[in-house]
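Engineer: Got a structure here, written out as structure tokens. Questions coming.
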Amino acid sequence: MRVKGSRTERSMPPRPYLPPSCGGAIGALVAAAVVMESGWGAHLSACGTATAGAAAPLSPWQALGCVAAVAVLLLASGMMLWRYGGRRCVRSACLVAAWLLWAGTAALGAGAGAAAAVHARSVAYQTLRSGPAASFVYVVAGDPSMSAFGARASARALDAGGTTVATVSLSSDEAFEDGDVVSLIGRFEDLAPDAWGKRSYMAGEVVEVQAVYIRNVSSSTLPDPIGGLRRAALDAIDPAASVARALVAGIVCGRTTELNASDASDAFSRTGTTHLVAVSGSHLALVAALVDGVLGHLSWSRRVRAGILLSVMAGYVVFTGGAASALRSLIMVGSSLGAGLLGRRAHGISGLMLSVMALSIADPGVVYDLGFQLSAASVLFILVFGSYVTFLLEHVGLPNAVASALALTLCAQWATLPITVPVFSELSLIAPVANLLLGPAMSALLVVGLPCVAVAALVPAFTGVLVPALALSNVSVFLARALARVPFSSVPMELSGLSLMALYALGAAVFVLWRLPARRACGIAALLVVGHFVRWSLFAPASLTVLDVGQGDAILLREGASTVLVDAGVDEATAAALVRNNVYALDAIVVTHWDRDHWGGLPAILDLMPVNRLIVARGAAEHVPDELDARDLDAVEIAYGDALQVGGFCCKAVWPERTVAGEDNEDSLVLAVRYGKEFSALLTGDAEADELEEVAEEVGKVDVLKLGHHGSAASVDGELLVSLQPRVAVASAGEDNSYGHPAPATVEAVEDAGALFVCTIDAGDVTLCPSGSGFTMRRARP
């Protein structure tokens, strides 16, 4: 701290120390990933489901050999550097040597563990395939997950002698609970060669069992006191009764089956607060605080208290399902307690690295577990950059308490974006605020819920004991839903993990340039964000963009502060397209007609950003689909000859000439668009050649023709193209669509007329910008 005048200012925090165990964690992660990836490839080859034409993968033993060779090289290099540094007293050489020695040792351990895991999976697969699915008994392990296709749970397959031979993914119409022993008639299905199949393999599952007929379901006879206590707790909570009870079950017991099936799950996802439900470090910290508070009143020795604390936390991890994130936290706590008992100072980063190494060696498939990845990355960034971000936030005037809490969320989001965005294609912008509000509420829910649920489980007659926990749960759900309804609370984002790695490069730069003046860094960041928003909100250049939204239509018109969308596509892809084109509000959405591929994306857009009005053809407002009617939209009708002004664009309605219901293709609202004398376009909806020939004489020549009905065979003909004489014809269609759009006859007719044919399948977003000498065209993909 330093004093300036009468005000105390916090000085720049020191750069955190990265111990050599970081090298061990990196070595373990890479070795486990390489060998497990080769095991997945070998498993697909054994199943006969490997992708045709794909290069043959390294066998697991070849991969282990490569890992071992690299590990030995690292060890040898480390030993040489250690000797050199020791003789010459070069501290940096000794530090590098320590990193290399840790990396080599951990890589050997993780590589060997991964090879053993791959071999065990291979033996298990062959054993299962030696007989029918009905010849095994399945013991469910963990909570089920529900979907529109039924229930799924992980299960151990037991042979006739009661020996576990494999772990499988059990799919059925009904849900089975943890500990259920299921006898069935069914069939084995190989894991799909996709991300879901890979996830199952990495979790230890080798096949999927499709249950056709359930012969018997019984409870396991093995003693399981922790499992029995959990079942009693869940019976007392009754998570299926309400969303509030489902949240209590998720927070206290780690069961999210019912919560994931509710609308509240989407609210937590949109607000970036799902991690508050998942059992992780914050849960264990609160449990540790409660237990430590009780133990503090007892005169037991420090070692006894530490042993009891660790035992209770380990029991709670088992009680909640043993998620990888919880195991990581448990190991970190164990290392911290051990350091304290040995009289050494606990170091968070060292504890994290030890936990990563331990889990990678004990269960190598965990490196592909999303929960483990998110947990490890977020904790690392909090430990490394938490004090730095707190310092920056204090510099802009935030109180320390708010700055510290906000820094945790920002660091966690910084770390996890490159992992979550490629998977979920979503970015929560409201997450920092949501975590500030929901974090305390859900922490209180855990603190209150633990004793309340314990009493309710032990004394079922005390049903009212859950009232305080349910009240806090209702408050949490209400806040999540309210925040999720805020415009731009969550935005679609379509970026590859590679491009998002720039965030990690930024982290490396910040770590190296730690002393960069805080005010300058904050000022530059704020200026860039504000400038970007102002530019696209108020000074957007004139453009017409045919958006790539799959098998649907969506055309964006904008100039300056005016923005209008013509048609809204078929689904959420349109909202994602608007985000990538820097659209933050819409003056209007014009729906040409009520085919779903022209309005289906409206709900997602309305959830995302403000929309001032909905415009339809005359008569179509009375036929708004029920899904939109519930939104209480005020639809404005325009008739033949009416015009819309979007910046410098004049959009005149040239079809239909009569009142329509808007339910057929020929009812489509057709807009003739002009930008001064330099640019013209015809937006056709699903109108085809028969309708367009009626308006061709009035419209005259156009620069750009948006082909009707996704470029179907009936969308244009030679006579129409001669009348319109377009220079560019654009079709909006989805890749591998079942309709064959765009039709080869349409493409041929356009090219025979001397126009350039462009389709969103190949080009992505197609942007046309008026210029002084005509217009320019830009494709998202070359």
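The values are calculated or read from the model by the stated rules, or taken from the named source; none is laboratory data. The structure displayed is predicted, hence computed values, not measured ones. Note that each Cβ is placed from the backbone with ideal geometry, even for glycine, and that neighbours are counted across all protein chains shown. Only protein heavy atoms, including side chains, enter the accessible area calculation; ligands, DNA and RNA are left aside. Shrake-Rupley method; radii C 1.70, N 1.55, O 1.52, S 1.80 Å.
Engineer: I'm trying to understand the selection: among the residues of region 253-282, which are part of a helix (DSSP H, G or I), under 23 Å from Met332 (Cβ atoms) and either of a type in the set (A, V, I, L, M, F, W, C) or open to solvent by less than 30 Å² (accessible area, probe 1.4 Å) (or both)?
Structural biologist: Hits for region 253-282 are Cys253, Leu276, Gly281.
Engineer: Take Gly439 and tell me if it is over 22 Å from the mean Cα position of the chain (by Cα) and either within 18 Å of Ser329 (Cβ to Cβ) or open to solvent by less than 40 Å² (accessible area, probe 1.4 Å) (or both).
Structural biologist: Answer is no for this residue.
Engineer: Of all residues in region 627-646, how many are at pLDDT 90 or above, more than 22 Å from Gly700 (Cβ to Cβ) and open to solvent by less than 60 Å² (accessible area, probe 1.4 Å)?
Structural biologist: Of the residues in that region, 1 qualify.
Engineer: Considering only residues that are among the polar types (S, T, N, Q) and over 35 Å from the mean Cα position of the chain (by Cα), which ones fall in region 150-166?
Structural biologist: Answer for region 150-166, where residues must be among the polar types (S, T, N, Q) and over 35 Å from the mean Cα position of the chain (by Cα): just Thr163.
Engineer: Further question: When region 199-241 is examined, which residues are found to be part of a helix (DSSP H, G or I), in contact with a strand residue (DSSP E or B) (Cβ under 8 Å, 6 or more places away or on another chain) and over 24 Å from Asp369 (Cα atoms)?
Structural biologist: Selection gives nothing.
Engineer: Report whether or not Arg558 is under 32 Å from the mean Cα position of the chain (by Cα) and open to solvent by less than 30 Å² (accessible area, probe 1.4 Å).
Structural biologist: Against the criterion (under 32 Å from the mean Cα position of the chain (by Cα) and open to solvent by less than 30 Å² (accessible area, probe 1.4 Å)), Arg558 qualifies.
Engineer: Specify which of the listed residues (Ala249, Ala244) is surrounded by 15 or more Cβ atoms within 10 Å (Cβ to Cβ), hydrophobic (A, V, I, L, M, F, W, C) and without any contact (Cβ under 8 Å) to a residue 40 or more places away in the chain.
Structural biologist: Exactly one of Ala249, Ala244 is surrounded by 15 or more Cβ atoms within 10 Å (Cβ to Cβ), hydrophobic (A, V, I, L, M, F, W, C) and without any contact (Cβ under 8 Å) to a residue 40 or more places away in the chain, namely Ala249.
Engineer: List every residue pair whose Cβ atoms sit under 7 Å apart, with the two residues 6 or more apart in sequence or on different chains, where the first one lies in region 266-295 and is free of Cβ contacts under 8 Å to residues at least 24 places away in the same chain and the second, anywhere, is open to solvent by 30 Å² or more (accessible area, probe 1.4 Å) and assigned to a helix (DSSP H, G or I).
Structural biologist: Cβ pairs passing all conditions: Val291/Val312; Leu295/Arg305; Leu295/Ile308.
Engineer: Are there any pairs with C-beta distances below 8 angstrom linking a residue in region 399-426 that is on the phi > 0 side of the Ramachandran plot to a residue that is not in a helix (DSSP H, G or I), with the two at least 6 apart or on different chains, and if so which?
Structural biologist: Ser425/Pro492; Ser425/Met493; Ser425/Glu494
Engineer: Is it the case that region 491-514 has a residue that's under 30 Å from Arg245 (Cβ atoms) and either surrounded by 14 or more Cβ atoms within 10 Å (Cβ to Cβ) or at pLDDT 80 or above (or both)?
Structural biologist: no
Engineer: Turning to a different aspect of this structure: Kindly list the number of the only condition in (1) within 26 Å of the chain's Cα centre (by Cα); (2) of a type in the set (Gly, Ala, Ser); (3) surrounded by 24 or more Cβ atoms within 10 Å (Cβ to Cβ) that fails for Ala620.
Structural biologist: Every condition holds for Ala620 apart from (1).
Engineer: Taking region 150-177, which residues are part of a loop (DSSP other than H, G, I, E, B), without any contact (Cβ under 8 Å) to a residue 60 or more places away in the chain and not aromatic (Phe, Trp, Tyr)?
Structural biologist: Correct list: Asp159, Ala160, Gly161, Gly162, Thr163, Asp173, Glu174, Glu177.
Engineer: Something else now. Given region 709-777, what helices (runs of 4 or more DSSP H) lie entirely inside it while holding 2 or more residues that are free of Cβ contacts under 8 Å to residues at least 12 places away in the same chain?
Structural biologist: Filter on region 709-777 gives 744-752.
Engineer: May I ask you to list the residues in region 283-342 that are β-branched (Val, Ile, Thr), under 23 Å from Val448 (Cβ atoms) and open to solvent by 20 Å² or more (accessible area, probe 1.4 Å)?
Structural biologist: Residues satisfying the conditions are Val291, Val294, Ile308, Val312, Val318, Val333.
Engineer: Moving to a separate point now. Which pairs have Cβ atoms under 8 Å, sit 6 or more apart or on different chains, and link a residue in region 451-480 that is among the small types (Gly, Ala, Ser) to one that is open to solvent by 50 Å² or more (accessible area, probe 1.4 Å) and part of a helix (DSSP H, G or I)?
Structural biologist: Ala456/Thr463; Ala457/Leu229; Ala457/Asp235; Ser473/Arg245
Engineer: (1) in a strand (DSSP E or B); (2) modelled with pLDDT of 90 or more: which one isn't true of Met146, the others all being true?
Structural biologist: If we test Met146 against (1) in a strand (DSSP E or B); (2) modelled with pLDDT of 90 or more, just (2) comes out false.
Engineer: Taking the options Val570, Val549, name whichever one is in a loop (DSSP other than H, G, I, E, B), touching a residue at least 40 places away in the same chain (Cβ under 8 Å), surrounded by 21 or more Cβ atoms within 10 Å (Cβ to Cβ) and under 26 Å from the mean Cα position of the chain (by Cα).
Structural biologist: Just one listed residue meets the conditions, Val549.
Engineer: Looking at region 611-621 only, could you name the residues that are farther than 29 Å from Val486 by Cα and of a type in the set (D, E, K, R)?
Structural biologist: Passing the criteria: only Arg618.
Engineer: All but one of (1) closer than 30 Å to Ser489 by Cα; (2) open to solvent by less than 70 Å² (accessible area, probe 1.4 Å); (3) at pLDDT 90 or above hold for Val654, so report the exception by its number.
Structural biologist: The failed condition is (1).
Engineer: Additional query: Before we move on, is Val30 modelled with pLDDT of 80 or more, aliphatic (A, V, I, L, M) and assigned to a helix (DSSP H, G or I)?
Structural biologist: yes
Engineer: Moving on. Among the residues of region 542-551, is there at least one that is under 18 Å from Ala763 (Cβ atoms) and in contact with a Cys (Cβ under 7 Å, 6 or more places away or on another chain)?
Structural biologist: Yes, some residue in region 542-551 is under 18 Å from Ala763 (Cβ atoms) and in contact with a Cys (Cβ under 7 Å, 6 or more places away or on another chain).
Engineer: Which ones in region 118-143 are in contact with a Ser or Thr (Cβ under 6 Å, 6 or more places away or on another chain) and part of a loop (DSSP other than H, G, I, E, B)?
Structural biologist: Ala141, Gly142, Asp143
Engineer: Being surrounded by 21 or more Cβ atoms within 10 Å (Cβ to Cβ) and of a type in the set (A, V, I, L, M) is the filter; apply it to region 471-490 and report the residue that is nearest to the chain's Cα centre (by Cα).
Structural biologist: Filtering first and then ranking leaves Ala484.
Residues checked against (1) within 24 Å of Leu29 (Cβ to Cβ); (2) in a helix (DSSP H, G or I); (3) not small (Gly, Ala, Ser):
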| residue | (1), (2), (3) |
| --- | --- |
| Gln373 | yes, yes, yes |
| Ser378 | yes, yes, no |
| Val384 | yes, yes, yes |
| Val389 | no, yes, yes |
| Leu393 | no, yes, yes |
| Ala403 | no, yes, no |
| Leu410 | no, yes, yes |
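Engineer: Next up: Just a yes or no: is a residue in region 425-432 open to solvent by less than 60 Å² (accessible area, probe 1.4 Å), more than 19 Å from His283 (Cα to Cα) and part of a loop (DSSP other than H, G, I, E, B)?
Structural biologist: yes
Engineer: Next question, about the same structure. For the subset of region 573-605 comprising residues that are farther than 19 Å from Ile761 by Cα and among the acidic types (Asp, Glu), which member is surrounded by the most Cβ atoms within 10 Å (Cβ to Cβ)?
Structural biologist: Asp595
Engineer: Name the single residue, out of those in region 296-322 being outside any helix (DSSP H, G or I) and modelled with pLDDT of 85 or more, that is nearest to Val379 (Cα to Cα).
Structural biologist: Within region 296-322, the match that is nearest to Val379 (Cα to Cα) is Gly322.
Engineer: Another question, then. Give region 178-198 a look and list any residue that's under 18 Å from Thr257 (Cβ atoms), touching a Gly at 6+ places or on another chain (Cβ under 9 Å) and either part of a strand (DSSP E or B) or open to solvent by 50 Å² or more (accessible area, probe 1.4 Å) (or both), or say none.
Structural biologist: Result: Asp178, single match.
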